1. Whole number please: convex hull volume per residue, Cα atoms of the chain, in Å³.
2. I want to verify a result. In a Gaussian network model of the chain, Cα cutoff 10 Å, which of these has the top mean-square fluctuation: Pro324, Pro238, Pro80?
3. Using amide H atoms built in the peptide plane, which far-off residues or other-chain residues are under 5 Å from Cys22 H to H?
4. How big is the dipole moment of the chain about its Cα centre under a simple scheme where the beta carbon of each Lys and Arg is +1, that of each Asp and Glu is -1, and everything else is neutral? Debye, nearest 20, please.
5. Which of Arg76, Arg124, Arg145 moves the most in a Gaussian network model of the chain with Cα springs under 10 Å?
6. Which one of Glu58, Glu242, Glu303 has the biggest mean-square fluctuation once the chain is modelled by GNM with Cα springs under 10 Å?
7. What distance in nm separates the two pseudo spin-label positions at Ser169 and Ser234, each 7 Å out from Cα along the beta-carbon direction?
8. Between Arg355 and Asn286, with labels modelled 7 Å along Cα→Cβ, what's the label distance in nm to one decimal, could you check?
Amino acid sequence: MVQKFNDSRGLHGQVAGTTALCTVGASGSGLTYCGYDIADLAAQASFEEVAFLLHTGELPSQTELTRFKQRLAEYRALSPLLCEILERIPKHANPMDVMRSGCSAMGVLAPEQSFADQDQHAIRMLAQFPAICCYWYHFSHFGVRIATESKADSLGGHFLTLLNQREPSEIEAAVMQASLILYAEHEFNASTFAARVAASTLTDIYSAVTGAIGTLRGPLHGGANEAAMALIDSFASPDEAEAGLLAMLAAKQKIMGFGHAVYRTRDPRNAIIKAWSRKIGTAKNNMKLFDISERCESVMWQEKKLFANADFYHASAYHLLGIPTELFTPIFVMSRVAGWTAHIKEQRGNNRIIRPGAEYIGAEPRPYTSLSMRNG
Ligand code: COA
């Protein structure tokens, strides 16, 4: 007889390995990278310091940081061949498919020949993902071949410079930097786990990251900030938002940007990005989206005790940075590649192929019947 199905779907709540990179929902404000609280990192560190921390386990000295940033700057320019490949991808493509294909193409054009080179390839991806997104976007939408290098001092500033074709203001660069730090790492989330599964087969770093991008593309993982933007944008005022949300909740609809699979009472990243969303709204004298978002947040808490997650206020913040909604999830890629590659290195450092078992729920053993016996 077939045994009753044991609901282990999704591996929720199960420990699937060890990591020294991140804790989610454990200590401090609820999110730490290599022992540092996310609130401290977002307030005081640069994204480059955070990427270095994830890759080495320690914050860099001034000399190490300068060298790391130099290497990131050296790798920024896309090769003519990569540009040519991006030019062939049509305007209506999903930008996440562009990121996935761009990453895969990087691995074809300059493959990882040896694991000894993994740091160099991780830095190449960090350096080039902003340009992959922006080069394709400008060429496919406006027929313009943009320069893929910039004088920007930070990766976030580099992305905004390429996207908006002007230097970002100080506050714009600061919002981008905080956002990249918040999205950089999140333990064994689906895309990171996908990267680790791939890495455990000893495949190359680009294959592992390409798989991670494809996993992040799913609406249950990345993409909630894009859906939150569509929601917020559909309301003309906070009062309209309140009425709309109440109707959606009455119809048992899911509200994007709320709730979390691990955090139970709050997402520690929310207060940080919310503060930046308020700041950029004030700086641009445009509080409409922030005010609508804040009303949504209070309605959701009042009605369902559901809290805004990291994605919700990213919507209004990104919008005021001039970022098209369809590029919100690719930014997640530009940031999370720091975490993915750190996990790939960690997996390789203590590897055993990831190959769980399955509980069989199929047919009982039975004799093979010949084709002629199955006819009719
Ligand atoms: N809107 C409306 N109801 C929600 C909700 C949301 N955003 N998130 C959770 N709920 C409901 C669930 O449907 C469930 O209701 P039920 O008990 O009647 O079935 C209840 O609240 C408890 O859900 P919970 O166990 O806390 O959530 P989960 O672990 O199953 O799912 C998410 C977590 C993140 C997938 C879920 O909250 C969600 O889909 N959020 C919207 C998408 C999103 O913002 N994703 C980005 C996450 S960073």
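The values are calculated or read from the model by the stated rules, or taken from the named source; none is laboratory data. Just so you know, these numbers come straight off a predicted model, no measurement behind them. Please note: Cβ atoms are built from the backbone with ideal geometry, for glycine as well, and neighbour counts cover all protein chains shown. The area values use the complete protein model at the heavy-atom level, side chains included, leaving out ligands, DNA and RNA. Shrake-Rupley method; radii C 1.70, N 1.55, O 1.52, S 1.80 Å.
1. Values: hull volume 76.7 nm³, N = 376.
Per residue, the Cα convex hull of the chain comes to 204 Å³.
2. Looking only at Pro324, Pro238, Pro80, the biggest GNM fluctuation is shown by Pro80.
3. Excluding prolines and chain starts, which carry no amide H, the hits are Cys34.
4. On the way: 35 positive and 37 negative charges, 178 e Å.
My answer is approximately 860 debye.
5. Judging by the Gaussian network model, the answer is Arg145.
6. Its mean-square fluctuation being the largest, the pick is Glu303.
7. 3.1
8. If labels sit at Arg355 and Asn286, their model points lie 5.4 nm apart.
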